[in-house]
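All remarks here apply to the structure that follows.
The values are calculated or read from the model by the stated rules, or taken from the named source; none is laboratory data. Just so you know, these numbers come straight off a predicted model, no measurement behind them. Because the Cβ atoms are built from the backbone with ideal geometry, glycine has one as well, and the counts that use them run over all protein chains shown. Calculation scope for accessible area: heavy atoms of the full protein, side chains included, ligands and nucleic acids excluded. Shrake-Rupley method; radii C 1.70, N 1.55, O 1.52, S 1.80 Å.
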Amino acid sequence: MSRGGADQESVVETPDVAALAQLLADRTRVAICMALLDGGTWTASELAEYAAVAPSTATEHLNLLVSGGLLAEQRRGRRRYVRLAGPDTAETLENLAGLAPYRQVPVRSLAEANHRRALHHARTCYDHIAGALGVAITDAMTERGLLARDYGLVLTCAGARWLTALGIPDTVPSAAHRAHVRTCLDWTVRRRHLSGAVGAALYRHAVDREWIVKAPATRILTVTDAGRAAFRDHLALPDEALFPSLTPAAPRP
């Protein structure tokens, strides 16, 4: 019997990591989540086709992902649209991909090999640049003193001036519930690329200036001629960072 003579049980909340792990312990659900790292909004039928499953199967998986908080949904008439719940979800998925062991996947055509090369080189991670290009940008900004590694990555005063000179106002810290500077563990080379509000602002600027172009219905980014000139001028990126490699770089341990 508790104090005061009443049978009363105290309840506290604790993170249920096992429930999250269970949600991601299915390759179809993971494929759906990774597709949504393009930052877009997909219909259930589009995701069913992408994951190569029946529409009814895709619906079952989507219901679990929405109820588990990884996806958000919106209905427009009879259509159901889903997207990732937010940038934190995207960064968690990319970090998990960076920690996950590799498995062998057959490449059955030249087109598929080229697709994988392009994906490894430059892609979206929700709202920022990932892949070898994203890592190269982060390294270059750090080497030039625009970012500093001090208990995590931070934007320096020189970095804020650099953003302003590019035409990117450094007002991003005011964005509600969004870290100013964060990093994701990139699964391409197991190194970190820039994310957070600064990473998102840089991505939007590069798209607006047509330095990079996003391929339709995919996460792949292509660096344009104007983009290669801009990245060389502003960050001194070498050519190997601006073109897809003929042989994707081996991941670092």
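Worth pointing out:
- Candidate set: segment 242-253, residues that are surrounded by 11 or more Cβ atoms within 10 Å (Cβ to Cβ) and not aromatic (Phe, Trp, Tyr); chosen: the one modelled with the highest pLDDT: LEU242
- Test for LEU163: is it open to solvent by less than 10 Å² (accessible area, probe 1.4 Å), at pLDDT 90 or above and over 21 Å from the mean Cα position of the chain (by Cα): yes
- Within segment 97-135, tally of residues that are within 20 Å of the chain's Cα centre (by Cα), open to solvent by 20 Å² or more (accessible area, probe 1.4 Å) and not aromatic (Phe, Trp, Tyr): 12
- Pairing each residue of segment 145-157 that is over 12 Å from ARG182 (Cα atoms) and among the β-branched types (Val, Ile, Thr) with any residue that is at pLDDT 90 or above and open to solvent by less than 40 Å² (accessible area, probe 1.4 Å), provided the two are 6+ apart or on different chains, yields C-beta distances under 7 Å for THR156/GLY145; THR156/LEU146; THR156/LEU147; THR156/ALA148.
- Members of segment 70-88 that are in contact (Cβ under 8 Å) with a residue 24 or more places away in the chain, open to solvent by 20 Å² or more (accessible area, probe 1.4 Å) and under 11 Å from the mean Cα position of the chain (by Cα): PRO87
- Within segment 144-157, restricting attention to residues that are at negative phi and out of contact with any strand residue (DSSP E or B) (no Cβ under 9 Å at 6 or more places or on another chain), the residue that is surrounded by the fewest Cβ atoms within 10 Å (Cβ to Cβ) is ASP150.
- Being outside any strand (DSSP E or B), farther than 24 Å from VAL223 by Cβ and without any contact (Cβ under 8 Å) to a residue 60 or more places away in the chain is a condition met by no residue of segment 118-135.
- Per-region count, segment 89-117, residues outside any helix (DSSP H, G or I) and either in contact (Cβ under 8 Å) with a residue 12 or more places away in the chain or under 20 Å from LEU47 (Cα atoms) (or both): 2
- Selection from segment 182-241 of residues that are part of a helix (DSSP H, G or I), surrounded by fewer than 20 Cβ atoms within 10 Å (Cβ to Cβ) and of a type in the set (Val, Ile, Thr): VAL207
- Checking each residue in segment 26-62 for being surrounded by fewer than 16 Cβ atoms within 10 Å (Cβ to Cβ), aliphatic (A, V, I, L, M) and at pLDDT 95 or above picks out only ALA54.
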